[in-house]
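Below is one structure; the comments refer to it alone.
The values are calculated or read from the model by the stated rules, or taken from the named source; none is laboratory data. Predicted model, so just to flag it, every value in this text is computed and none were measured. Counting neighbours? That spans all protein chains shown, and the Cβs are built from the backbone with ideal geometry, glycine included.
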Amino acid sequence: MNCQPSVIKVIFTSLLATAFALPAQAEEPPTQAEEDKKVFRKFHPDGVVEFSDQPTKGSEELKMEELPTYKFAPAVPTPKLTPRPKQKIKPKPGSVGPYTSLTINSPGRNETIRANNGDIEVKFTLVPGLQFYQGHKIEYLLDGKSVLKTDRPQILKNTDRGTHTLVIQVIDKNNKVLIHSDSVSFHVLRFFKPRSKAAPPAPKAPEFDDEYDS
């Protein structure tokens, strides 16, 4: 193959121009957004560090790493819950008004209690709680007789020994019974010291008239 030198030189020059032109076309100028992301740092002699988005004399460009981004799934709408209708509690037989139950917890049924001083602690459960702000009170019935009216639990004082029945009821300010408990029987034991029998008095000596002559 016989090629003239001038032809070879033209071909080589064309290849070099193409080789240098390709990288220049591949590099695109930075966009405005990329320019805004650049940060430059400059150290001053007094130790102050200056940061800027514009290059200045003696500054250096910092390489900023892009923060990772996360895509969150759209929130799932919360299903609407249909509220259940409130159940109406049937009042206990013997109740009138807002109360549903009244139960004596202590003393228990047929419980034997030793209390030498006769003090009997009474515990009960009232549902709902006593509405004392409306003038309601607790009334204690011992052996069918009202012995106490109060707005809080109390102690039955000086209860006689033997068997007793207890009923608790709630009354309003007009003494109307709103609810009452079942009757509870219990037994009280108390120490008893029998009295000592005193000796009968000595008979008096008969009195005689001074003028009596035998």
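Residue by residue through segment 128-145, note down the ones that are crowded, with 16+ Cβ neighbours inside 10 Å and touching a strand residue (DSSP E or B) at 6+ places or on another chain (Cβ under 8 Å). Talk me through it step by step, then tell me what you get.
In the first step, residues of segment 128-145 are kept if they are crowded, with 16+ Cβ neighbours inside 10 Å; the result is 130-131, 136-142.
L130, H136, K137, I138, E139, Y140, L141, L142 - these are the residues of segment 128-145 that are crowded, with 16+ Cβ neighbours inside 10 Å and touching a strand residue (DSSP E or B) at 6+ places or on another chain (Cβ under 8 Å).
Which of the residues that make up segment 108-154 are touching a His at 6+ places or on another chain (Cβ under 9 Å) and over 25 Å from N174 (Cα atoms)?
Result: N110, E111, T112, I113, I120.
Can you confirm whether S101 is touching a Lys or Arg at 6+ places or on another chain (Cβ under 7 Å), closer than 16 Å to S185 by Cβ and surrounded by 13 or more Cβ atoms within 10 Å (Cβ to Cβ)?
Working: touching a Lys or Arg at 6+ places or on another chain (Cβ under 7 Å): yes; closer than 16 Å to S185 by Cβ: no; surrounded by 13 or more Cβ atoms within 10 Å (Cβ to Cβ): yes.
Against the criterion (touching a Lys or Arg at 6+ places or on another chain (Cβ under 7 Å), closer than 16 Å to S185 by Cβ and surrounded by 13 or more Cβ atoms within 10 Å (Cβ to Cβ)), S101 does not qualify.
Across segment 55-68, what is the total count of residues that are at pLDDT 80 or above and within 60 Å of the chain's Cα centre (by Cα)?
1
Counting just the residues of segment 144-171 that are of a type in the set (D, E, K, R) and not in a strand (DSSP E or B), which one comes out modelled with the lowest pLDDT? Talk me through it step by step, then tell me what you get.
At the first step, the residues of segment 144-171 found to be of a type in the set (D, E, K, R) are 145, 149, 151-152, 157, 160-161.
From what's left, not in a strand (DSSP E or B): 151-152, 157, 160-161.
Working: D151: 85, R152: 80, K157: 89, D160: 91, R161: 89.
Among those residues, the one meeting the criterion is R152.
Scan segment 185-192 and tell me whether some residue there is modelled with pLDDT of 90 or more, part of a loop (DSSP other than H, G, I, E, B) and exposed (fewer than 11 other Cβ atoms within 10 Å of the Cβ). Let's see the steps before the verdict.
So the first thing to find is which residues in segment 185-192 are modelled with pLDDT of 90 or more, and the list is 185-189.
Add one more test, that the residue is part of a loop (DSSP other than H, G, I, E, B), and what stays is none.
Checked segment 185-192: no residue is modelled with pLDDT of 90 or more, part of a loop (DSSP other than H, G, I, E, B) and exposed (fewer than 11 other Cβ atoms within 10 Å of the Cβ).
Just one of the numbered conditions (1) in a loop (DSSP other than H, G, I, E, B); (2) modelled with pLDDT of 90 or more is not true of N116; which one?
Among (1) in a loop (DSSP other than H, G, I, E, B); (2) modelled with pLDDT of 90 or more, the lone unmet condition for N116 is (2).
Among the residues of segment 172-183, which ones are surrounded by 15 or more Cβ atoms within 10 Å (Cβ to Cβ) and farther than 15 Å from K145 by Cβ?
So in segment 172-183, the residues surrounded by 15 or more Cβ atoms within 10 Å (Cβ to Cβ) come out as 172, 178-181.
Answer for segment 172-183, where residues must be surrounded by 15 or more Cβ atoms within 10 Å (Cβ to Cβ) and farther than 15 Å from K145 by Cβ: D172, L178, I179, S181.
Condition check: part of a strand (DSSP E or B), touching a residue at least 24 places away in the same chain (Cβ under 8 Å) and either within 15 Å of S101 (Cα to Cα) or aliphatic (A, V, I, L, M) (or both). Does L141 satisfy that? I'd like the intermediate steps shown before the answer.
On the way: part of a strand (DSSP E or B): yes; touching a residue at least 24 places away in the same chain (Cβ under 8 Å): yes; either within 15 Å of S101 (Cα to Cα) or aliphatic (A, V, I, L, M) (or both): yes.
In short, yes.
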